[in-house]
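The values are calculated or read from the model by the stated rules, or taken from the named source; none is laboratory data. Fair warning: this is a prediction, and the values are worked out from it, not measured in the lab. Note that we place each Cβ from the backbone using ideal geometry, even for glycine, and neighbour counts take in every protein chain shown.
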């Protein structure tokens, strides 16, 4: 972990959806009688503007306590992990939709990542890199290409959310050697799905680290056990992401610039919903 581990975690009163994760509010419509005939003169109804949910007091406490119990057991308390994840989605985040909304930078970067890979499959890696003014990356190994695209896929604006996305992107690149994905020139739809699955899993894992597990992950008595706990959490989250992507198997092959954002948003929302259910099931295995 890098940037995201430097954060001590949000306070219990932190808004469910930080204001900087949401798009800027719509500008006020022109008043009747203006010279712009293209502007809709109908004012925006206040009820149509989505409200930011009010956070529940101490909403992280239960999830943090359960994750600490899981970490303190050196990974043996699977029920504690299940309770931590399910409570994090349902209570700390306010449900799967709100949890997905909190992944603002990660979703945006995920859309750029998917869009890039889709263009590579359809148009070739050289033309795609040239189109992005990244021709100097042509011919380099896949990990170097991804690293060279860091600022395009995961812009760094200095926020924790952006740090989570960038850390996850680096971790995804490190995982590529274990997947057999080594050649952009031979990239397939299935490999594209695998790359995105790894990225989304790392972003959710990093989000949970920052919100409920930053201190607890240091509880195990030695680094090997700490890595084991990290791996258990990663595998648990990847199950949820993988199941979410499985329901969109056909959609992966039809990624376009027009539908990428919608696809990514839905995958994150479904992944959190599945993780809540998986956590509840794990919590019952006492």
Quiz item: So is residue 59 under 30 Å from residue 239 (Cα atoms), modelled with pLDDT under 90, buried (at least 19 other Cβ atoms within 10 Å of the Cβ) and touching a helix residue (DSSP H, G or I) at 6+ places or on another chain (Cβ under 6 Å) or not?
Solution: yes
Exercise. Specify the residue that is surrounded by the most Cβ atoms within 10 Å (Cβ to Cβ); the eligible residues are those in the stretch 144-161 that are over 17 Å from residue 115 (Cβ atoms) and modelled with pLDDT of 95 or more.
Key: 147
Exercise. Tell me, please, whether a residue that is buried (at least 18 other Cβ atoms within 10 Å of the Cβ), touching a residue at least 24 places away in the same chain (Cβ under 8 Å) and under 18 Å from the mean Cα position of the chain (by Cα) can be found in the stretch 123-130.
Key: no
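Could you list, in sequence order, all residues of the stretch 128-139 that are in contact with a helix residue (DSSP H, G or I) (Cβ under 8 Å, 6 or more places away or on another chain) and closer than 23 Å to residue 189 by Cβ? Let's see the steps before the verdict.
Filtering the stretch 128-139 down to residues in contact with a helix residue (DSSP H, G or I) (Cβ under 8 Å, 6 or more places away or on another chain) leaves 128-129, 131-132, 134-138.
Matches in the stretch 128-139: 128, 129, 131, 132, 134, 137, 138.
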Quiz item: Which of the residues that make up the stretch 170-201 are touching a residue at least 60 places away in the same chain (Cβ under 8 Å) and under 17 Å from residue 129 (Cβ atoms)?
Solution: 184, 185, 187, 192, 195
Quiz item: Has the stretch 111-121 got any residue that is in a loop (DSSP other than H, G, I, E, B), at negative phi and in contact (Cβ under 8 Å) with a residue 40 or more places away in the chain?
Solution: no
Quiz item: Identify, please: which residue in the stretch 131-143 is part of a helix (DSSP H, G or I) and free of Cβ contacts under 8 Å to residues at least 40 places away in the same chain and is, among those, surrounded by the most Cβ atoms within 10 Å (Cβ to Cβ)?
Solution: 137
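Do any helices (runs of 4 or more DSSP H) entirely within the stretch 216-286 hold 1 or more residues that are in contact with a helix residue (DSSP H, G or I) (Cβ under 8 Å, 6 or more places away or on another chain), more than 25 Å from residue 117 (Cβ to Cβ) and at pLDDT 95 or above, and if so, which? Write out each step before concluding.
Values: elements: 223-246, 249-252, 260-283.
So the answer is 223-246, 260-283.
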